[in-house]
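Peer 1: Right, I'll just put the structure down here and ask away after.
Please treat every number below as a calculation from the coordinates, not as lab data. Since the model is a prediction, treat every value here as computed from it, not as a measurement.
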Amino acid sequence: MTRWSKVAISGLWICAAAAASAAEEPQPSPLQLRSWAAACAACHGTGGVALPGMSTLAGVPAEVLLQKLMDFKAGKPPSATLMPQLAKGYSDVQLQALAGYFATPAK
């Protein structure tokens, strides 16, 4: 086996390991989830209930909110202000958890 074949095989193992670890990302704890959601409060209000002029997150179906977050993460719509930058800082699993958090009515 040539040196480059060994390098290629090693690279494939590294990629496979990275993909496996990403697929096994654990769900966040309730405390971690509340911490992430608190960061949204500055613009979207405490508990996701926004003041006039901003989007309310509370009660939006998780699928709708997740799609919006994924669009922001992908840079769509390009006219958005801060959300694309913020969404890129979260994994897909984290965004899914946040969408579920705001979709669930407060108890």
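Peer 1: Once fully extended, how much extra length lies between residue 79 and residue 34, figured as 0.36 nm per residue of separation less the alpha-carbon to alpha-carbon distance?
Peer 2: Details: separation 45, 0.36 × 45 = 16.20 nm, distance 2.80 nm.
Gain in length upon complete extension: 13.4 nm.
Peer 1: Ok, one more. What full-extension length gain, to one decimal in nm, is calculated for residue 24 and residue 91 as 0.36 nm per residue of separation minus the Cα-Cα distance?
Peer 2: On the way: separation 67, 0.36 × 67 = 24.12 nm, distance 1.20 nm.
Result for the pair: 22.9 nm of gain on full extension.
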